[in-house]
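Since every read-out is calculated from the coordinates, none of them should be taken as a lab result. Being a predicted model, the structure only gives us computed values, none of them experimental. Positions of Cβ are generated from backbone atoms using ideal geometry, with glycine treated the same way; all protein chains shown enter the neighbour counts.
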Amino acid sequence: MANIDGKATAITVLSPVKRGGPLLLWLVFWALRNISATLRKLEMLSFIHYARWATIKRFPDDGGGERLNYSYLLFESNFNGTWDQYIDAFSQVLGFRIKLIWGTSFGFPGPLPVEPFKAYIRRNEFIANHYWSAYPEATTTEIISAGRVESALQELCGSTAGVDPDSFRVAYESFLGKVQRDL
Amino acid sequence: MRDGRNTCGQAYALTVLTPILESRESGLARCLSQLQTGSRSPLANVPGTHFARWVIIGDVTYEGAGQRRDHLHTGRLLFTSTFDGSVEPYLEALRVGLGGAADVIWEHCAGYPGSSDGEAFAAYMRAHQIESSLFFSAYPASTVEDVQRSLASRRRVIDFAVRAQAMSAAELQAAFQQTFAT
């Protein structure tokens, strides 16, 4: 399946935006960019590596771009886990923001109940023809944990240079206690 | 193009939509399906890339319900990449790293200048680039190298912790220094 590389899954959605939607989207994205709570909400979805939205007013071509009746909203995500788990959690955690973003798109049924939302995403989804990840076997949680382990390890190396073995053991055990949830 | 909109920490979200030449869509699909995957993907040779994809958008979707039907004059090839640093050096890394694969893919697209001229290649990508409205990263400060290095460190710590369980303090210190001394 071209949408998957190891544990990573790609989702690509392109949905038609109602008239007046682009202006609303401009405001919504401005608010989402400037109100950090949204990014924290996305962080709570601990299986998203990267996600982006873009509003397409003109489809680029050799000239000034092809303009259709409507603008289109592009969404892509790189996540670990299954498609169903992703949409379930996405609609639960981000419900209101999903409504703000896709509420401007034709046919959007609302984030909940989740089955019509899933059907909507499937109708507007494009399957990748080729997908690649630099670290296909790592989940987002593992990457964030690994970052914490590495910082703690560096701290341990720096603080224990030249100490006696017993002091080292104390520091090592404290290090293990600190990182055990990340191992 | 406001590149600030495409960045989150040090990561950059590149989105490129290029028009597929008439009646070349199935050839392009075949060509993309024949690319090697995983560590043999041509994208594996493009340093700084976290995730990337090619997606053929044959036409836009129609949701009914009061919507007028829209059709693209020609299908588009979507290329997206999430990478480290700024866009100009990356486009050059993309051109060099993909090598022949860049031409094999984008030669199906109108106006593609080929990959032999770096400036023309970058100009083509920039001319067909879409600006992000919102870009999120779970680890915005980490480069590909950082991610891979810390994952390796974590594995070494796990292995070491298992191995070191029954060691005396002196053995533990010696083994630690041997394993983690840089």
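Find all pairs meeting these conditions: Cβ atoms under 7 angstrom apart; at least six residues apart or on different chains; first residue within the stretch B:125-151 and more than 7 Å from every other protein chain (Cβ to nearest Cβ) and assigned to a loop (DSSP other than H, G, I, E, B); second residue surrounded by 21 or more Cβ atoms within 10 Å (Cβ to Cβ) and of a type in the set (A, V, I, L, M, F, W, C).
From the stretch B:125-151, the pairs are B:Pro140/B:Cys8; B:Pro140/B:Ala11.
Just checking, how many residues over the stretch A:71-110 are more than 8 Å from every other protein chain (Cβ to nearest Cβ) and not in a loop (DSSP other than H, G, I, E, B)?
25
Count, please, the residues in the stretch B:19-31 that happen to be in contact (Cβ under 8 Å) with a residue 40 or more places away in the chain and either on the phi > 0 side of the Ramachandran plot or surrounded by 21 or more Cβ atoms within 10 Å (Cβ to Cβ) (or both).
Of the residues in the stretch B:19-31, 3 are in contact (Cβ under 8 Å) with a residue 40 or more places away in the chain and either on the phi > 0 side of the Ramachandran plot or surrounded by 21 or more Cβ atoms within 10 Å (Cβ to Cβ) (or both).
Can you pull out the residues in the stretch B:139-157 that are touching a strand residue (DSSP E or B) at 6+ places or on another chain (Cβ under 6 Å) and under 17 Å from A:Phe47 (Cα atoms)?
B:Pro140
When you check B:Val16 against the structure, is it within 29 Å of B:Glu145 (Cβ to Cβ), hydrophobic (A, V, I, L, M, F, W, C) and crowded, with 17+ Cβ neighbours inside 10 Å, yes or no?
yes
Please determine, by comparing only the residues of the stretch A:22-65 that are without any contact (Cβ under 8 Å) to a residue 60 or more places away in the chain and among the hydroxyl-bearing types (Ser, Thr, Tyr), which one is farthest from the other protein chains (Cβ to nearest Cβ).
A:Ser36
So B:Tyr90 ticks every box in (1) touching a strand residue (DSSP E or B) at 6+ places or on another chain (Cβ under 6 Å); (2) without any contact (Cβ under 8 Å) to a residue 12 or more places away in the chain but one. Which box is left unticked?
Tallying (1) touching a strand residue (DSSP E or B) at 6+ places or on another chain (Cβ under 6 Å); (2) without any contact (Cβ under 8 Å) to a residue 12 or more places away in the chain, B:Tyr90 fails exactly one: (2).
I'm trying to understand the selection: among the residues of the stretch A:122-148, which are in a helix (DSSP H, G or I) and either surrounded by fewer than 21 Cβ atoms within 10 Å (Cβ to Cβ) or free of Cβ contacts under 8 Å to residues at least 12 places away in the same chain (or both)?
Within the stretch A:122-148, A:Arg122, A:Arg123, A:Thr141, A:Glu142, A:Ile144, A:Ser145, A:Gly147, A:Arg148 qualify.
Regarding A:Ala146, is this residue within 8 Å of chain B (Cβ to nearest Cβ), closer than 20 Å to A:Ser77 by Cβ and among the small types (Gly, Ala, Ser)?
No; evaluated as a whole, the condition is false for this residue.
Return yes when A:Leu68 is assigned to a loop (DSSP other than H, G, I, E, B), surrounded by fewer than 20 Cβ atoms within 10 Å (Cβ to Cβ) and within 7 Å of chain B (Cβ to nearest Cβ) and no when it is not.
yes
Exactly one of these conditions fails for B:Met1: (1) surrounded by fewer than 20 Cβ atoms within 10 Å (Cβ to Cβ); (2) touching a strand residue (DSSP E or B) at 6+ places or on another chain (Cβ under 7 Å); (3) under 19 Å from A:Lys57 (Cβ atoms); (4) within 11 Å of chain A (Cβ to nearest Cβ). Give me its number.
With (1) surrounded by fewer than 20 Cβ atoms within 10 Å (Cβ to Cβ); (2) touching a strand residue (DSSP E or B) at 6+ places or on another chain (Cβ under 7 Å); (3) under 19 Å from A:Lys57 (Cβ atoms); (4) within 11 Å of chain A (Cβ to nearest Cβ) applied to B:Met1, the lone miss is (4).
Against the definition (surrounded by fewer than 21 Cβ atoms within 10 Å (Cβ to Cβ) and facing chain B (nearest Cβ under 8 Å)), how does A:Ser151 come out, yes or no?
Here the answer is no, as A:Ser151 does not meet what is asked.
Go through the residues of the stretch B:20-31 one by one and say whether even a single one is touching a Leu at 6+ places or on another chain (Cβ under 7 Å), within 16 Å of B:Gly75 (Cβ to Cβ) and not in a strand (DSSP E or B).
yes
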